[in-house]
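S.K.: My structure is below; once you've seen it, I'll send some questions.
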Amino acid sequence: MRHLQDQPHSTTNAQSNLVLNDYTNYSGLPGDYARLAEDSSARWGYKPVISSRTWRQSNASRYVRMFQSRRSLLIWKIFGHRLDGWTNADHPTESVPGDPATLPAGADPNRADLDYNGEIMPPPGSGVPPLSEDEKILFARWVDLGCPLNTGTGDNANYGWFLDELRPTVAVSSPRQNLNGTPLTEIRVGVADAYSGVNEVTLSIKADFSVNGSAAGAELVGQGSFIAPGIFSVPLQTPISNLSTSHLTVAVADYQGNTNRVDVRFWVDAGFRITSLDGSALNSRRLTLWFENPTGATNHTVQCAESLSAPANAWMPLTILNAADEANQIRRLEVELPSIVPKNLFLLVERP
(Lines give C-alpha, C1' and ligand atoms only; values in the text may rest on other atoms or scores of the structure.)
Protein backbone atom coordinates (compact mmCIF):
# COMPACT_ATOMS: atom_id res chain seq x y z
CA MET A 1 0.00 0.00 0.00
CA ARG A 2 1.59 3.25 -1.11
CA HIS A 3 -1.01 5.97 -0.64
CA LEU A 4 -3.60 6.29 2.10
CA GLN A 5 -4.36 9.84 1.07
CA ASP A 6 -6.72 10.02 -1.86
CA GLN A 7 -5.54 11.83 -4.97
CA PRO A 8 -7.77 14.57 -6.38
CA HIS A 9 -8.58 12.91 -9.71
CA SER A 10 -8.52 9.24 -8.74
CA THR A 11 -11.12 6.96 -7.26
CA THR A 12 -9.03 3.97 -6.20
CA ASN A 13 -5.36 3.74 -5.40
CA ALA A 14 -4.08 0.66 -7.16
CA GLN A 15 -1.70 -0.49 -4.43
CA SER A 16 -3.88 0.19 -1.41
CA ASN A 17 -7.22 -0.75 -2.97
CA LEU A 18 -8.62 2.03 -0.82
CA VAL A 19 -11.18 4.56 -1.99
CA LEU A 20 -11.24 7.79 -0.02
CA ASN A 21 -13.29 10.07 -2.26
CA ASP A 22 -16.51 8.05 -2.11
CA TYR A 23 -18.88 10.01 0.13
CA THR A 24 -21.89 7.83 -0.60
CA ASN A 25 -24.02 7.22 2.47
CA TYR A 26 -23.63 3.68 3.82
CA SER A 27 -26.03 3.08 6.70
CA GLY A 28 -25.69 6.70 7.74
CA LEU A 29 -21.91 6.87 7.30
CA PRO A 30 -19.94 8.48 4.47
CA GLY A 31 -18.00 6.04 2.34
CA ASP A 32 -14.52 7.27 3.26
CA TYR A 33 -15.23 6.84 6.97
CA ALA A 34 -16.95 3.49 6.46
CA ARG A 35 -13.88 2.10 4.69
CA LEU A 36 -11.46 3.30 7.35
CA ALA A 37 -13.40 2.82 10.56
CA GLU A 38 -16.56 0.75 9.97
CA ASP A 39 -15.45 -2.22 7.87
CA SER A 40 -14.96 -5.10 10.28
CA SER A 41 -16.84 -7.27 7.80
CA ALA A 42 -14.14 -6.51 5.17
CA ARG A 43 -16.70 -5.30 2.67
CA TRP A 44 -14.12 -3.16 0.89
CA GLY A 45 -10.49 -3.57 -0.06
CA TYR A 46 -8.26 -6.49 0.82
CA LYS A 47 -9.67 -9.08 3.18
CA PRO A 48 -7.79 -10.62 6.10
CA VAL A 49 -6.28 -14.06 5.62
CA ILE A 50 -7.98 -15.80 8.56
CA SER A 51 -10.72 -18.30 7.81
CA SER A 52 -13.62 -15.95 8.57
CA ARG A 53 -12.18 -13.39 6.09
CA THR A 54 -13.38 -10.62 8.41
CA TRP A 55 -11.50 -8.29 10.75
CA ARG A 56 -11.69 -9.46 14.33
CA GLN A 57 -11.29 -8.04 17.83
CA SER A 58 -10.97 -4.24 17.74
CA ASN A 59 -9.96 -4.04 14.07
CA ALA A 60 -12.43 -1.69 12.41
CA SER A 61 -10.81 -2.26 9.03
CA ARG A 62 -7.47 -3.14 7.48
CA TYR A 63 -6.24 0.32 8.38
CA VAL A 64 -7.58 1.01 11.88
CA ARG A 65 -7.52 -0.91 15.15
CA MET A 66 -9.93 0.93 17.43
CA PHE A 67 -8.41 2.42 20.59
CA GLN A 68 -4.93 1.26 19.52
CA SER A 69 -3.29 3.84 17.29
CA ARG A 70 0.12 2.17 17.71
CA ARG A 71 -1.24 -0.96 16.01
CA SER A 72 -3.11 0.83 13.22
CA LEU A 73 -1.72 0.80 9.68
CA LEU A 74 -3.22 4.25 9.05
CA ILE A 75 -1.15 5.75 11.87
CA TRP A 76 2.00 3.92 10.76
CA LYS A 77 1.72 5.55 7.36
CA ILE A 78 1.12 8.96 8.93
CA PHE A 79 4.19 8.67 11.16
CA GLY A 80 6.32 6.84 8.58
CA HIS A 81 7.15 3.67 10.53
CA ARG A 82 5.71 0.88 12.66
CA LEU A 83 4.72 1.96 16.15
CA ASP A 84 3.83 -1.36 17.82
CA GLY A 85 7.32 -2.45 18.79
CA TRP A 86 7.47 -5.30 16.27
CA THR A 87 9.17 -5.60 12.90
CA ASN A 88 7.75 -6.93 9.65
CA ALA A 89 9.75 -10.13 10.22
CA ASP A 90 8.14 -10.90 13.59
CA HIS A 91 4.90 -12.20 12.06
CA PRO A 92 4.08 -13.84 8.72
CA THR A 93 2.47 -11.74 6.02
CA GLU A 94 0.98 -12.77 2.66
CA SER A 95 2.97 -11.65 -0.37
CA VAL A 96 -0.24 -10.80 -2.25
CA PRO A 97 -2.50 -8.64 -0.05
CA GLY A 98 -5.62 -10.54 0.99
CA ASP A 99 -4.54 -13.91 -0.49
CA PRO A 100 -3.92 -16.49 2.26
CA ALA A 101 -2.35 -18.84 -0.33
CA THR A 102 0.64 -16.52 -0.51
CA LEU A 103 1.55 -16.79 3.17
CA PRO A 104 4.98 -18.32 3.85
CA ALA A 105 4.90 -22.11 3.82
CA GLY A 106 3.59 -23.54 7.07
CA ALA A 107 2.59 -20.13 8.43
CA ASP A 108 -0.44 -19.95 10.74
CA PRO A 109 -2.94 -17.41 9.33
CA ASN A 110 -3.95 -16.53 12.90
CA ARG A 111 -0.42 -15.24 13.54
CA ALA A 112 -0.30 -13.16 10.38
CA ASP A 113 -0.19 -9.39 10.55
CA LEU A 114 0.25 -6.43 8.22
CA ASP A 115 3.65 -5.19 7.13
CA TYR A 116 4.70 -1.60 6.96
CA ASN A 117 5.95 -0.76 3.48
CA GLY A 118 6.48 2.33 1.40
CA GLU A 119 6.98 5.74 2.90
CA ILE A 120 5.42 8.36 5.11
CA MET A 121 2.21 10.01 3.97
CA PRO A 122 1.90 12.44 2.33
CA PRO A 123 4.90 11.27 0.26
CA PRO A 124 7.88 13.61 0.19
CA GLY A 125 8.01 15.53 -3.07
CA SER A 126 4.32 14.91 -3.80
CA GLY A 127 3.49 18.60 -3.61
CA VAL A 128 1.24 17.96 -0.58
CA PRO A 129 2.51 19.71 2.57
CA PRO A 130 3.71 17.29 5.27
CA LEU A 131 1.60 16.90 8.38
CA SER A 132 2.70 18.77 11.49
CA GLU A 133 3.39 16.87 14.68
CA ASP A 134 0.14 18.18 16.14
CA GLU A 135 -1.79 16.95 13.10
CA LYS A 136 -0.20 13.51 13.38
CA ILE A 137 -1.08 13.31 17.06
CA LEU A 138 -4.63 14.38 16.22
CA PHE A 139 -5.01 11.31 13.98
CA ALA A 140 -3.56 9.08 16.70
CA ARG A 141 -5.94 10.49 19.31
CA TRP A 142 -8.84 10.01 16.95
CA VAL A 143 -8.04 6.29 16.68
CA ASP A 144 -7.40 5.98 20.42
CA LEU A 145 -10.84 7.48 21.09
CA GLY A 146 -12.47 4.86 18.87
CA CYS A 147 -12.68 6.94 15.66
CA PRO A 148 -15.50 9.26 16.75
CA LEU A 149 -17.60 10.79 14.00
CA ASN A 150 -19.85 13.82 14.04
CA THR A 151 -21.68 14.10 10.73
CA GLY A 152 -22.83 17.64 11.47
CA THR A 153 -26.40 16.89 10.38
CA GLY A 154 -29.64 15.86 12.02
CA ASP A 155 -31.08 16.46 15.46
CA ASN A 156 -28.18 14.73 17.18
CA ALA A 157 -25.41 16.44 15.23
CA ASN A 158 -23.79 17.81 18.38
CA TYR A 159 -24.11 14.65 20.44
CA GLY A 160 -22.18 11.42 20.63
CA TRP A 161 -18.42 11.20 20.76
CA PHE A 162 -17.97 14.94 20.70
CA LEU A 163 -20.59 15.60 23.35
CA ASP A 164 -19.52 18.01 26.10
CA GLU A 165 -20.16 15.78 29.09
CA LEU A 166 -18.21 17.78 31.65
CA ARG A 167 -19.99 20.03 34.10
CA PRO A 168 -18.89 23.65 34.34
CA THR A 169 -16.69 24.67 37.25
CA VAL A 170 -18.25 26.75 40.02
CA ALA A 171 -16.24 28.23 42.87
CA VAL A 172 -17.46 30.53 45.66
CA SER A 173 -14.63 32.66 47.03
CA SER A 174 -16.80 34.88 49.24
CA PRO A 175 -18.14 33.75 51.62
CA ARG A 176 -15.67 30.98 52.38
CA GLN A 177 -16.91 27.65 53.67
CA ASN A 178 -17.34 27.46 57.46
CA LEU A 179 -16.01 30.36 59.57
CA ASN A 180 -15.53 33.79 58.03
CA GLY A 181 -13.59 35.85 60.53
CA THR A 182 -13.92 39.20 58.74
CA PRO A 183 -17.06 41.09 57.77
CA LEU A 184 -18.72 39.82 54.59
CA THR A 185 -18.74 42.63 52.00
CA GLU A 186 -19.67 40.78 48.83
CA ILE A 187 -20.79 37.50 47.36
CA ARG A 188 -18.17 36.52 44.77
CA VAL A 189 -18.48 33.55 42.42
CA GLY A 190 -16.19 32.14 39.75
CA VAL A 191 -17.49 30.08 36.80
CA ALA A 192 -15.61 28.42 33.94
CA ASP A 193 -16.10 25.83 31.22
CA ALA A 194 -13.35 24.97 28.74
CA TYR A 195 -15.52 23.02 26.29
CA SER A 196 -18.87 24.42 25.17
CA GLY A 197 -18.52 27.45 27.45
CA VAL A 198 -20.51 28.87 30.36
CA ASN A 199 -24.04 29.97 29.54
CA GLU A 200 -24.03 33.07 31.72
CA VAL A 201 -27.80 33.60 31.58
CA THR A 202 -28.28 30.36 33.55
CA LEU A 203 -26.33 31.61 36.57
CA SER A 204 -28.36 31.43 39.78
CA ILE A 205 -27.35 32.65 43.25
CA LYS A 206 -29.61 32.19 46.26
CA ALA A 207 -29.13 32.50 50.02
CA ASP A 208 -31.18 31.37 52.99
CA PHE A 209 -30.70 34.79 54.63
CA SER A 210 -31.67 38.29 53.59
CA VAL A 211 -29.28 40.03 51.18
CA ASN A 212 -29.59 43.77 50.55
CA GLY A 213 -33.18 43.70 51.67
CA SER A 214 -34.16 40.71 49.51
CA ALA A 215 -36.01 37.90 51.23
CA ALA A 216 -34.25 34.64 51.98
CA GLY A 217 -34.40 32.35 48.93
CA ALA A 218 -34.70 35.21 46.44
CA GLU A 219 -32.64 35.22 43.24
CA LEU A 220 -29.63 37.49 43.73
CA VAL A 221 -28.14 37.59 40.22
CA GLY A 222 -30.02 40.79 39.44
CA GLN A 223 -28.11 42.56 42.23
CA GLY A 224 -24.67 41.80 40.78
CA SER A 225 -22.65 41.67 37.59
CA PHE A 226 -19.63 40.07 35.95
CA ILE A 227 -16.68 42.21 37.03
CA ALA A 228 -14.17 40.17 35.01
CA PRO A 229 -14.36 37.14 32.69
CA GLY A 230 -15.90 34.35 34.75
CA ILE A 231 -16.09 36.41 37.98
CA PHE A 232 -19.50 37.51 39.29
CA SER A 233 -19.92 39.81 42.28
CA VAL A 234 -22.90 40.85 44.38
CA PRO A 235 -21.84 43.80 46.60
CA LEU A 236 -23.44 43.97 50.04
CA GLN A 237 -24.88 47.35 50.92
CA THR A 238 -24.09 46.76 54.59
CA PRO A 239 -21.21 44.44 55.53
CA ILE A 240 -22.27 41.43 57.56
CA SER A 241 -20.14 41.07 60.68
CA ASN A 242 -22.15 38.38 62.42
CA LEU A 243 -24.30 35.70 60.88
CA SER A 244 -25.29 32.33 62.26
CA THR A 245 -24.84 29.18 60.16
CA SER A 246 -26.26 29.93 56.73
CA HIS A 247 -26.15 28.58 53.19
CA LEU A 248 -25.41 30.02 49.74
CA THR A 249 -26.40 28.07 46.62
CA VAL A 250 -24.86 28.78 43.22
CA ALA A 251 -25.74 26.97 39.99
CA VAL A 252 -24.79 27.44 36.34
CA ALA A 253 -25.02 25.48 33.07
CA ASP A 254 -22.80 25.27 30.01
CA TYR A 255 -24.08 25.56 26.44
CA GLN A 256 -24.34 21.78 26.20
CA GLY A 257 -26.78 21.82 29.11
CA ASN A 258 -24.58 20.32 31.81
CA THR A 259 -25.33 21.94 35.17
CA ASN A 260 -23.19 22.27 38.27
CA ARG A 261 -24.45 23.37 41.66
CA VAL A 262 -22.44 24.33 44.75
CA ASP A 263 -23.85 24.71 48.27
CA VAL A 264 -21.68 26.63 50.71
CA ARG A 265 -22.35 26.30 54.44
CA PHE A 266 -20.80 29.14 56.38
CA TRP A 267 -21.12 31.59 59.20
CA VAL A 268 -19.67 35.01 59.95
CA ASP A 269 -18.17 35.93 63.28
CA ALA A 270 -16.00 38.99 62.90
CA GLY A 271 -16.29 39.79 66.60
CA PHE A 272 -16.85 43.43 67.53
CA ARG A 273 -14.74 46.36 68.57
CA ILE A 274 -15.00 48.88 71.37
CA THR A 275 -15.02 52.05 69.31
CA SER A 276 -14.56 54.67 72.05
CA LEU A 277 -14.42 55.32 75.81
CA ASP A 278 -15.45 58.30 77.95
CA GLY A 279 -13.54 58.45 81.24
CA SER A 280 -14.63 61.94 82.23
CA ALA A 281 -16.61 60.51 85.17
CA LEU A 282 -13.90 58.23 86.53
CA ASN A 283 -13.90 60.18 89.81
CA SER A 284 -17.48 59.03 90.19
CA ARG A 285 -16.44 55.46 89.32
CA ARG A 286 -18.32 55.66 86.08
CA LEU A 287 -17.16 54.78 82.57
CA THR A 288 -19.05 55.03 79.30
CA LEU A 289 -18.09 52.85 76.33
CA TRP A 290 -19.33 52.46 72.78
CA PHE A 291 -18.94 49.25 70.78
CA GLU A 292 -20.15 47.59 67.58
CA ASN A 293 -23.41 45.73 67.95
CA PRO A 294 -24.29 44.29 64.51
CA THR A 295 -26.63 41.65 65.94
CA GLY A 296 -28.73 44.15 67.90
CA ALA A 297 -28.17 42.25 71.15
CA THR A 298 -29.29 43.98 74.37
CA ASN A 299 -27.91 41.83 77.19
CA HIS A 300 -24.16 42.28 77.00
CA THR A 301 -21.97 41.78 80.05
CA VAL A 302 -18.88 43.78 81.02
CA GLN A 303 -16.04 42.47 83.18
CA CYS A 304 -12.77 44.00 84.33
CA ALA A 305 -9.37 42.80 85.47
CA GLU A 306 -5.96 44.28 86.22
CA SER A 307 -4.26 42.09 83.57
CA LEU A 308 -5.25 40.57 80.25
CA SER A 309 -3.62 37.34 81.38
CA ALA A 310 -5.70 37.17 84.56
CA PRO A 311 -7.45 33.81 85.12
CA ALA A 312 -11.17 33.64 84.47
CA ASN A 313 -12.08 33.81 88.14
CA ALA A 314 -10.15 37.08 88.51
CA TRP A 315 -12.42 38.97 86.10
CA MET A 316 -14.98 41.05 87.99
CA PRO A 317 -18.45 41.69 86.52
CA LEU A 318 -19.42 45.36 86.39
CA THR A 319 -22.83 46.81 87.00
CA ILE A 320 -24.43 48.32 83.88
CA LEU A 321 -26.07 51.60 84.82
CA ASN A 322 -27.39 52.71 81.42
CA ALA A 323 -27.61 51.19 77.96
CA ALA A 324 -28.80 52.52 74.60
CA ASP A 325 -28.51 51.73 70.89
CA GLU A 326 -27.15 54.41 68.59
CA ALA A 327 -26.74 54.84 64.84
CA ASN A 328 -24.64 52.55 62.65
CA GLN A 329 -25.15 49.47 64.83
CA ILE A 330 -23.38 51.03 67.82
CA ARG A 331 -24.39 50.33 71.43
CA ARG A 332 -23.55 52.56 74.40
CA LEU A 333 -23.10 51.27 77.92
CA GLU A 334 -22.41 53.15 81.16
CA VAL A 335 -20.85 50.93 83.83
CA GLU A 336 -19.94 51.31 87.48
CA LEU A 337 -16.28 50.68 88.24
CA PRO A 338 -14.87 48.95 91.37
CA SER A 339 -14.58 51.00 94.54
CA ILE A 340 -10.83 50.99 94.09
CA VAL A 341 -9.78 51.57 90.51
CA PRO A 342 -6.33 50.10 89.82
CA LYS A 343 -3.72 51.89 87.74
CA ASN A 344 -4.31 49.45 84.86
CA LEU A 345 -7.82 48.25 84.16
CA PHE A 346 -8.83 46.02 81.25
CA LEU A 347 -12.43 45.62 80.11
CA LEU A 348 -14.05 42.57 78.52
CA VAL A 349 -17.39 43.02 76.75
CA GLU A 350 -19.22 39.82 75.91
CA ARG A 351 -22.31 39.48 73.83
CA PRO A 352 -24.87 36.79 74.58
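The values are calculated or read from the model by the stated rules, or taken from the named source; none is laboratory data. From a predicted model like this one, the values you see are computed outputs, not experimental measurements. Here the Cβ is made from the backbone with ideal geometry for all residues, glycine too, and neighbour counts use every protein chain on show.
S.K.: Could you tell me whether the range 161-168 includes any residue that is at pLDDT 95 or above, under 26 Å from the mean Cα position of the chain (by Cα) and not hydroxyl-bearing (Ser, Thr, Tyr)? If you could, list the steps in order and put the result at the bottom.
M.R.: Filtering the range 161-168 for residues at pLDDT 95 or above gives 167-168.
Now restrict to residues that are under 26 Å from the mean Cα position of the chain (by Cα): 167-168.
When the remaining residues are screened for being not hydroxyl-bearing (Ser, Thr, Tyr), the result is 167-168.
Within the range 161-168, one or more residues are at pLDDT 95 or above, under 26 Å from the mean Cα position of the chain (by Cα) and not hydroxyl-bearing (Ser, Thr, Tyr).
S.K.: Quick check on the range 13-41: of everything there that is of a type in the set (Asp, Glu) and assigned to a loop (DSSP other than H, G, I, E, B), which residue is modelled with the lowest pLDDT? Steps first, please.
M.R.: Step one: list which residues in the range 13-41 are of a type in the set (Asp, Glu), which gives 22, 32, 38-39.
Checking the rest, the ones that are also assigned to a loop (DSSP other than H, G, I, E, B) come to 22, 38-39.
Details: ASP22: 89, GLU38: 94, ASP39: 95.
Taking the candidates together, the pick is ASP22.
S.K.: Just to confirm my filter: which strands (runs of 3 or more DSSP E) fall fully inside the range 156-248 and include at least 3 residues that are touching a residue at least 12 places away in the same chain (Cβ under 8 Å) and over 30 Å from ASP144 (Cα atoms)? Walk me through how you get there before you give the answer.
M.R.: Values: elements: 169-174, 178-180, 184-192, 198-207, 225-228, 231-240.
Filter on the range 156-248 gives 169-174, 178-180, 184-192, 198-207, 231-240.
S.K.: Mind counting the residues in the range 85-98 that are surrounded by fewer than 17 Cβ atoms within 10 Å (Cβ to Cβ) and either part of a loop (DSSP other than H, G, I, E, B) or not small (Gly, Ala, Ser) (or both)? Quick ask: steps written out before the conclusion?
M.R.: Initial filter on the range 85-98 (surrounded by fewer than 17 Cβ atoms within 10 Å (Cβ to Cβ)): 85-91, 95-96, 98.
Okay, now just the ones that are also either part of a loop (DSSP other than H, G, I, E, B) or not small (Gly, Ala, Ser) (or both), so 85-88, 90-91, 95-96, 98.
Residues meeting the conditions: 9.
S.K.: Still on this structure, please answer the following. Being assigned to a strand (DSSP E or B) and either touching a Ser or Thr at 6+ places or on another chain (Cβ under 6 Å) or aromatic (Phe, Trp, Tyr) (or both) is the filter here, so list the residues in the range 261-301 that pass it. Even if it seems obvious, please write down each step before you answer.
M.R.: Our first condition is that a residue be assigned to a strand (DSSP E or B); within the range 261-301, this holds for 261-269, 274-278, 286-292, 301.
Hits for the range 261-301 are ASP263, PHE266, TRP267, ASP278, TRP290, PHE291.
S.K.: Filter the range 281-303 for residues that are closer than 10 Å to ASN242 by Cβ and of a type outside the set (Gly, Ala, Ser) and give the result.
M.R.: Residues satisfying the conditions are GLU292, ASN293, PRO294, THR295.
S.K.: Consider only pairs whose beta carbons are under 6 Å apart and that are at least six residues apart or on different chains; among these, list those whose first residue lies in the range 282-301 and is among the acidic types (Asp, Glu) and whose second residue is buried (at least 16 other Cβ atoms within 10 Å of the Cβ) and assigned to a helix (DSSP H, G or I).
M.R.: Every condition considered, no pair remains.
S.K.: A further question on this structure: Could you figure out which of (1) in contact (Cβ under 8 Å) with a residue 24 or more places away in the chain; (2) in a loop (DSSP other than H, G, I, E, B) isn't true of PRO130?
M.R.: Result: PRO130 passes all but (1).
S.K.: Every residue in the range 311-340 that is surrounded by 12 or more Cβ atoms within 10 Å (Cβ to Cβ), of a type in the set (Gly, Ala, Ser) and not in a strand (DSSP E or B), please.
M.R.: The one that is surrounded by 12 or more Cβ atoms within 10 Å (Cβ to Cβ), of a type in the set (Gly, Ala, Ser) and not in a strand (DSSP E or B): ALA314.
S.K.: Run down PHE272, PHE226 and say which single residue is within 24 Å of ALA323 (Cβ to Cβ), of a type in the set (Phe, Trp, Tyr) and either surrounded by fewer than 15 Cβ atoms within 10 Å (Cβ to Cβ) or within 41 Å of the chain's Cα centre (by Cα) (or both).
M.R.: Values: PHE226 fails: within 24 Å of ALA323 (Cβ to Cβ).
After applying the criteria, what remains is PHE272.
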